[in-house]
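The values are calculated or read from the model by the stated rules, or taken from the named source; none is laboratory data. If you're wondering where the values come from, they're calculated on a predicted model, not measured in any experiment. Using ideal geometry, Cβ is built from the backbone for each residue, glycine included, and neighbour counts are taken over all protein chains shown.
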Amino acid sequence: MPLQIVVDRLTDWRPYFPTEDLITADDYLAETRPAQNLEKEKEQDAATHVINLSGDLEYLESGYYVSLLAQARGQRVLPSVETLNQLSRKALVDLQLDDLNTLLNDLARRGSLTGNSVTLRVMFGECLEPALSKLARRLFERLPCPLLEARFTRRQDMWRLSSLKPLRLTALTQDEQDLFASALNRHSRKVWRSPKARRRYRFDLAMLVDPLEDLPPSNRGALKEFIRAGRKLGIDVSLITKRDVGRLAEFDGLFIRETTSLDHHTYRMARRAEHEGLVVIDDPRSILRCTNKVYLHTLLRTRGIAAPEGMLLNRHDLPRLAEKAAGLNFPMVLKVPDGSFSRGIVKIASAEALLTEAERLFSSSALLLLQEWLPTDFDWRVGVLNGQPLFASRYYMARGHWQIYDHSKGKTRSGGFSTHAPEDVPATVIKTALKATRLIGNGLYGVDLKQIGDRVVVIEINDNPNIDTGVEDAFLGRALYTRILEVFLERMEANRRLGG
């Protein structure tokens, strides 16, 4: 099969045997294709393998563009832009290598890791240290990059990966050059089958995450389950962050697994992805309709869907608020429009408390929502996907608190949960949830409802509901992740048929 080895300068290849497969990064990027030969070029590209040995692999540097253009041309490239993106962020590296600690500690027990730090250089999954060969292979399989340098450190008798980055070809020692040449030869003879994690997929799905988010919509276990389910369906699921907005056009779909907000990169990236023709869950319209409690309150009330009784307060009402509060029955609940995970929601015990809290919250919003207080032991959360019920969970209030999440003591606490089949949930709860989501769209939603006797009311609709291992998947298990990605698959296939 055709092979192209990309280097910064031809002189970088001086220690090795000459080869006609060699090309500089500048020449590779400048390559043009005559329009009359596009079909022939397309066939040739599909069979071409590119080994990108450029030194500048940082985002938007020449080496990054080599991998990007190789993928755009339909060529197989090592490393891919997805791998480069993961290597650029320690949190994403840790996610790809989340089971590495077991291997490291096993190597330490055998005496293969000594001292307080170890630097390992990996060439196509091989290394000079025989005792660390399994570790080198693991790094390459999970993050396929021709040349890698990993640094491991020991703290409190526990070994951890402290850094992993691409290694420059020109940085190799003489012994490493010999290993690199033989490893390259073995790798190219295997026709790119050696990285177990890399295979051809029908579609590419970007999953937007924030590795530093305190309360993300999906925990690590769930992200891994989405990736596993995607691969079984022929979807390559790649984790991206807000810095990857420029890469959205590389994908067929965008799945947002980060808490959304209107004045936020999540909304902007959803808009950008939709503009590029990607399948987006959740789409910008759903984010617009769900993230603002004032909007939802008005929407539900206008369409006759049961919700807590309440009123909107305007910042200009502040001088007359005492007069308005005179006829209210306390306690009540005061909400900022875009709060999440029980944040920005205050229980109001009196007219005096209303004046104090409203003055404080009006500093961040011109409108506030004041609603009746409906104490219950738990809230229902009905997961709805594509207009169909997906799961139903009971979220219990934090112990000694009136909300599911308690942020009052510096450390967030939450109550228990139970997850049920939709058919085991009161029919009124499911019917109300489905009726509410029809006002929003056909994406993935979590409808929060309270049930007080025969009365069922919608508290809010979440456009990116929690999907966590051990919680929302307690009933369906792995089938939950498969069902969500099957919707992506159907929509991406429909896009392809339409030429999108």
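Among what's in segment 1-32 and is in contact (Cβ under 8 Å) with a residue 24 or more places away in the chain and in a loop (DSSP other than H, G, I, E, B), pick the residue that is nearest to Thr48 (Cα to Cα). Among those that are in contact (Cβ under 8 Å) with a residue 24 or more places away in the chain and in a loop (DSSP other than H, G, I, E, B), it is Pro2.
Listed here are the residues, each with its yes/no results for (1) modelled with pLDDT of 90 or more; (2) assigned by TED's automatic domain parsing to the domain that holds Val458; (3) surrounded by fewer than 17 Cβ atoms within 10 Å (Cβ to Cβ).
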site: Gly344; (1), (2), (3): no, no, no
site: Lys347; (1), (2), (3): no, no, yes
site: Thr356; (1), (2), (3): yes, no, yes
site: Leu361; (1), (2), (3): no, no, no
site: Ser365; (1), (2), (3): no, no, no
site: Leu368; (1), (2), (3): no, no, no
site: Trp380; (1), (2), (3): yes, yes, no
site: Gly383; (1), (2), (3): yes, yes, no
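Against the conditions (1) modelled with pLDDT of 85 or more; (2) surrounded by 14 or more Cβ atoms within 10 Å (Cβ to Cβ), Gly310 satisfies every one except (1). Considering only residues that are of a type in the set (A, V, I, L, M, F, W, C) and assigned to a loop (DSSP other than H, G, I, E, B), look in segment 471-500 and name the one that is modelled with the lowest pLDDT. Here the answer is Leu498.
For first residues located in segment 414-435 and without any contact (Cβ under 8 Å) to a residue 12 or more places away in the chain, partners that are outside any loop (DSSP other than H, G, I, E, B) and lie 6+ apart or on another chain with Cβ distances below 9 Å form the pairs Glu423/Pro389; Glu423/Ile430; Lys431/Val456.
Within segment 306-340, the set of residues being within 36 Å of the chain's Cα centre (by Cα), of a type outside the set (A, V, I, L, M, F, W, C) and closer than 15 Å to Ala353 by Cα comprises Lys335 only. Within segment 320-329, identify whether any single residue is in a loop (DSSP other than H, G, I, E, B) and crowded, with 19+ Cβ neighbours inside 10 Å, and answer yes or no. No: zero hits.
Would you check which residues across segment 96-113 are in contact with a strand residue (DSSP E or B) (Cβ under 8 Å, 6 or more places away or on another chain), within 30 Å of Ile240 (Cα to Cα) and in a loop (DSSP other than H, G, I, E, B) and list them?
To start, the set of residues in segment 96-113 that are in contact with a strand residue (DSSP E or B) (Cβ under 8 Å, 6 or more places away or on another chain) comprises 97, 100-101, 104-105, 107-108, 113.
Subsequent filtering for residues that are within 30 Å of Ile240 (Cα to Cα) retains 97, 100-101, 104-105.
Answer for segment 96-113, where residues must be in contact with a strand residue (DSSP E or B) (Cβ under 8 Å, 6 or more places away or on another chain), within 30 Å of Ile240 (Cα to Cα) and in a loop (DSSP other than H, G, I, E, B): just Leu97.
Is it true that Asp106 is among the acidic types (Asp, Glu) and closer than 17 Å to Ser162 by Cα? For Asp106, the condition - among the acidic types (Asp, Glu) and closer than 17 Å to Ser162 by Cα - is not met. For segment 204-222, a tally of residues being more than 18 Å from Gln96 (Cα to Cα) and either among the charged types (D, E, K, R) or under 12 Å from the mean Cα position of the chain (by Cα) (or both) returns 2.
Looking at Ser67, Ser80, which one is at pLDDT 80 or above, out of contact with any strand residue (DSSP E or B) (no Cβ under 7 Å at 6 or more places or on another chain) and of a type outside the set (Lys, Arg)?
Working: Ser67 fails: out of contact with any strand residue (DSSP E or B) (no Cβ under 7 Å at 6 or more places or on another chain).
When all the criteria are applied, what remains is Ser80.
Within segment 247-275, can you find the residues that are among the acidic types (Asp, Glu) and at pLDDT below 85?
Narrowing segment 247-275 to residues among the acidic types (Asp, Glu): 250, 252, 258, 263, 274.
Glu250, Asp263 - these are the residues of segment 247-275 that are among the acidic types (Asp, Glu) and at pLDDT below 85.
When Gly74, Gly55 are checked against the criterion of being of a type in the set (Gly, Ala, Ser), within 34 Å of the chain's Cα centre (by Cα), at pLDDT 85 or above and closer than 27 Å to Arg137 by Cα, a single residue qualifies: Gly55.
Just wondering, is there one or more residues in segment 150-164 that are among the basic types (Lys, Arg) and touching a Gly at 6+ places or on another chain (Cβ under 6 Å)? Give the steps one after another, and end with the answer.
Kept after step one, since they are among the basic types (Lys, Arg), are these residues of segment 150-164: 151, 154-155, 160.
Imposing the further condition that a residue be touching a Gly at 6+ places or on another chain (Cβ under 6 Å) reduces the set to none.
Checked against the condition, which is being among the basic types (Lys, Arg) and touching a Gly at 6+ places or on another chain (Cβ under 6 Å), segment 150-164 yields no hits at all.
Touching a Lys or Arg at 6+ places or on another chain (Cβ under 7 Å), surrounded by 13 or more Cβ atoms within 10 Å (Cβ to Cβ) and among the polar types (S, T, N, Q): does that describe Thr170? The answer is no for Thr170.
Of all the residues in segment 232-256, those that are in contact with a strand residue (DSSP E or B) (Cβ under 9 Å, 6 or more places away or on another chain), surrounded by fewer than 23 Cβ atoms within 10 Å (Cβ to Cβ) and among the charged types (D, E, K, R) number 5.
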